[in-house]
Amino acid sequence: MHKYRTHNCSELRSKHENKTVKLSGWVHRKRDHGNLLFIDLRDHYGITQCVIENSSENFKILEKIKPESVISIIGKVFKRNSENINKDLPTGEIEVEFKELQILSEAQELPMPVFGEQNYPEDTRLKYRFLDLRRQTIHDNIILRSKIISFIRKKMTELGFNEFQTPILTASSPEGARDFLVPSRLNPGKFYALPQAPQQFKQMIMVAGFDKYFQIAPCFRDEDGRADRSPGEHYQLDMEMSFVEKEDIFSTTEPLFFELFSKFGNGKKVSDFPYKRISYIDSMLQYGTDKPDLRNPLKISDVTEIFNSNEIKLDIFKKQINRGAIVRAIPAPNSIKKPRSFFDNLNQWAKDEGANGLAYLLITKNKGKLIGSGPIAKFFSENGVNQITKKCKISDGDVVFFSCEKQQIAEKISGLARQKVAQELNLIQYNQFHFCWIIDYPLYKYNEEEKKIEFSHNPFSMPKVDYEEFDKKDPLKILAEQYDLVCNGIELSSGAIRNHLPKMFYKVFSKVGYSKEDVNRKFGGMIKALLYGTPPHGGMAPGIDRIVMLLAGVENIREITLFPLNQNAQDLLMNAPSETTDKQLKELNIKTIKKDKN
RNA sequence: GGACCUGUAGUGUAGCGGUUAACACGUCCCCCUGUCACGGGGAAGAUCGAGGGUUCGAAUCCCUUCAGGUCCGCCA
């Protein structure tokens, strides 16, 4: 007989009746009837009920044993009477009667019980993560994560991608997030950086001729955490392909995501591919964001022109429009019967968000004519109402909200309002995964505070403009072969066709203030690689954590991470970060500055 | 760096100016041979995160501070 077990705790059925078996596991739950004791024995696979009578020599020991102790038992499998069968357990037809007992590891009284699914404070859970992880929900989440990663690995390999590891100790890269630095002992005063992503390495893998690469890649960014974003580290399905256009990348990955989400999506509907492609500009207009939730059917319209015409005499808006504001309209179908508070609350909400507010117009039909009502209706001509209803595709019984702001604020407010209205009106179809691609991102954006042009996305993307035309165009109008994969309003991935032409590389960087020398110094490896025969290439890097969160249906990244850091980037279990010894610091040529604690 | 929320026995919650701070789970003791959130009876366990203030009186109100979380900034 095996030292610890002949079966796991989820295996035994009535066909095993009368067999003598050995099980090992945790004492999940005890039910002590005085002269009869039930113990639910739990392992990774499940739970088996074990039973012992007071005639047994081990009865007294088991009565005293603490939950979560690890025991090993030898016993005989008995079929339960029909009235005692537990339909909730796969092993509910049988129970195991104790013959021999071995205590493998005694547990102390628990700081957080495993049994039951109480909500414990985050710090307790992280401090006792090994107990937390025994609990079914999170245990299942972690297994889901493992299965997702295995599935992705298998699929990517089948698709002809090669999995490679890239360095963890590498060079700090300009642009992007704050780096984690690692001091070099052999090179005093110098530092490695942990990779924010293997971006340059994967491009050089293409230069090296490997054609298709992927990796479940750890990415390190020293930025503050959020519920959906771990401080410190996260994982991406990093991938890159040679001799491709963006449609090749889309058609390669769409079936992968379709299969992945169909397989692990708990029966939720998954959008059929090809996924909808939406240009960045359209997305910002219609959805007020570059990560639209397409489970929400509402679309925003631009009605600046109509408000600026003589058909609407709303002077407050006209004045704002003259100062560069725009007007965006958010439809609220079939909401005319909503109480006044519904409209006023949204207006108040917009003001709380720092906006001017949300005006609204109610639409009814009378004798074949659409008529506007509500606080601002008196400013609309009949034709004005018609133009609005036509543009916003609304009709009898609908309401439309208007946000008049500077473009950026109008987009933000209308986007949020679109989501709020849809929630209030129950229009969001929650039982689906709705994918889309956002394409044609602008290469640059203008930084108002620093009064300069900067990269809006990835600096390595290929501009959608010929080299000769580059300088003739307004930089802010130049688009890039840059795309995002979005699902249910969550950005799953960024990606791009890369800029593989050295002269274009210099050109692109020159607009954000990098001289040729700057580029050579800061991207020396990359630019050198482009000089010796580079295949056109592109790829993307979907966030593993976000995929798992979507599929597990959780809002917090710590629910799908084995050993996460807390918001202050501390590991409460391992006690990291921690102070180090003077000897270690000396070896590294590092002095620490003691901060005053007044 | 900023804003907001939370902090009460081992654990989860209630109490939100007025005697011995309540309930549930857990722990300990007693009873119980068919439970599966077993049941019944009893006991122990809390200077209400910490410090200061207001008040005749503070878990409760105010200030400071610490810890955790959420968001903004930051980040793809």
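Values quoted throughout were computed directly from the atomic coordinates according to the rules given, and no laboratory measurement underlies them. None of the values given here were measured: they were computed from a predicted structure. Don't worry about glycine lacking a Cβ; one is built from the backbone with ideal geometry, like all the others, and counts go over all protein chains shown.
Here's the yes/no breakdown for (1) closer than 30 Å to A:ILE439 by Cα; (2) surrounded by fewer than 20 Cβ atoms within 10 Å (Cβ to Cβ):
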{"position": "A:PRO535", "(1), (2)": "yes, yes"}
{"position": "A:GLY539", "(1), (2)": "yes, no"}
{"position": "A:PHE563", "(1), (2)": "no, yes"}
{"position": "A:ASN568", "(1), (2)": "no, yes"}
{"position": "A:ASN575", "(1), (2)": "no, yes"}
{"position": "A:SER578", "(1), (2)": "no, yes"}
{"position": "A:THR581", "(1), (2)": "no, yes"}
{"position": "A:LYS591", "(1), (2)": "no, yes"}
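Here is a yes/no grid of residues against (1) part of a loop (DSSP other than H, G, I, E, B); (2) of a type in the set (A, V, I, L, M):
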site	(1), (2)
A:ASN356	yes, no
A:LEU370	no, yes
A:ILE388	no, yes
A:SER395	yes, no
A:PHE401	no, no
A:ILE413	no, yes
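Specify the residue that is nearest to RNA strand B (Cβ to nearest atom); the eligible residues are those in the range A:66-88 that are of a type in the set (A, V, I, L, M) and more than 41 Å from the chain's Cα centre (by Cα).
In this case the residue turns out to be A:ILE85.
Among the residues of the range A:286-314, how many are in contact (Cβ under 8 Å) with a residue 12 or more places away in the chain, more than 16 Å from A:LEU361 (Cα to Cα) and of a type outside the set (Phe, Trp, Tyr)?
16
Here is a yes/no grid of residues against (1) aromatic (Phe, Trp, Tyr); (2) out of contact with any helix residue (DSSP H, G or I) (no Cβ under 8 Å at 6 or more places or on another chain); (3) in a helix (DSSP H, G or I):
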{"residue": "A:LEU485", "(1), (2), (3)": "no, no, no"}
{"residue": "A:LYS503", "(1), (2), (3)": "no, yes, yes"}
{"residue": "A:VAL512", "(1), (2), (3)": "no, yes, no"}
{"residue": "A:GLY525", "(1), (2), (3)": "no, no, yes"}
{"residue": "A:TYR532", "(1), (2), (3)": "yes, no, no"}
{"residue": "A:MET549", "(1), (2), (3)": "no, no, yes"}
{"residue": "A:VAL554", "(1), (2), (3)": "no, no, no"}
{"residue": "A:LEU562", "(1), (2), (3)": "no, no, no"}
{"residue": "A:ASN568", "(1), (2), (3)": "no, yes, no"}
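For the range A:169-267, which strands (runs of 3 or more DSSP E) that fit wholly inside it have 1 or more residues that are away from RNA strand B (no atom under 16 Å from the Cβ) and among the hydroxyl-bearing types (Ser, Thr, Tyr)? Before you say what the answer is, go through the steps one by one.
On the way: elements: A:181-183, A:191-193, A:212-221, A:232-242.
The qualifying strands (runs of 3 or more DSSP E) are A:191-193, A:212-221, A:232-242.
Would you point out the residue of the range A:451-491, among those that are surrounded by fewer than 22 Cβ atoms within 10 Å (Cβ to Cβ) and hydrophobic (A, V, I, L, M, F, W, C), that is farthest from RNA strand B (Cβ to nearest atom)?
Filtering the range A:451-491 for residues that are surrounded by fewer than 22 Cβ atoms within 10 Å (Cβ to Cβ) and hydrophobic (A, V, I, L, M, F, W, C), the one farthest from RNA strand B (Cβ to nearest atom) comes out as A:PHE470.
So in the range A:151-206, with the set limited to residues that are within 17 Å of A:PRO218 (Cβ to Cβ) and among the acidic types (Asp, Glu), which one is surrounded by the fewest Cβ atoms within 10 Å (Cβ to Cβ)?
In this case the residue turns out to be A:GLU163.
With A:LEU144, A:LEU126, A:LEU104 as the choices, which residue is within 11 Å of RNA strand B (Cβ to nearest atom), aliphatic (A, V, I, L, M) and not in a loop (DSSP other than H, G, I, E, B)?
A:LEU126
For the range A:107-123, what are the residues that are within 9 Å of RNA strand B (Cβ to nearest atom), touching a residue at least 24 places away in the same chain (Cβ under 8 Å) and in a loop (DSSP other than H, G, I, E, B)?
Within the range A:107-123, A:GLU109, A:LEU110, A:PRO113, A:PHE115 qualify.
Would you check if there is a residue in the range A:6-18 being of a type in the set (Lys, Arg) and either in contact with a Leu (Cβ under 9 Å, 6 or more places away or on another chain) or buried (at least 19 other Cβ atoms within 10 Å of the Cβ) (or both)?
So far as the range A:6-18 goes, no, none of its residues is of a type in the set (Lys, Arg) and either in contact with a Leu (Cβ under 9 Å, 6 or more places away or on another chain) or buried (at least 19 other Cβ atoms within 10 Å of the Cβ) (or both).
So how many residues does the range A:36-62 have that are near RNA strand B (Cβ under 8 Å from one of its atoms) and loosely packed, with under 14 Cβ neighbours inside 10 Å?
So the answer is 4.
State whether the residues of the range A:149-163 include one that is within 16 Å of RNA strand B (Cβ to nearest atom), polar (S, T, N, Q) and within 25 Å of the chain's Cα centre (by Cα).
no
Quick test for you: out of A:ARG226, A:ARG323, pick the one residue that is closer than 30 Å to A:ILE388 by Cα and surrounded by fewer than 18 Cβ atoms within 10 Å (Cβ to Cβ).
Answer to the check: A:ARG323.
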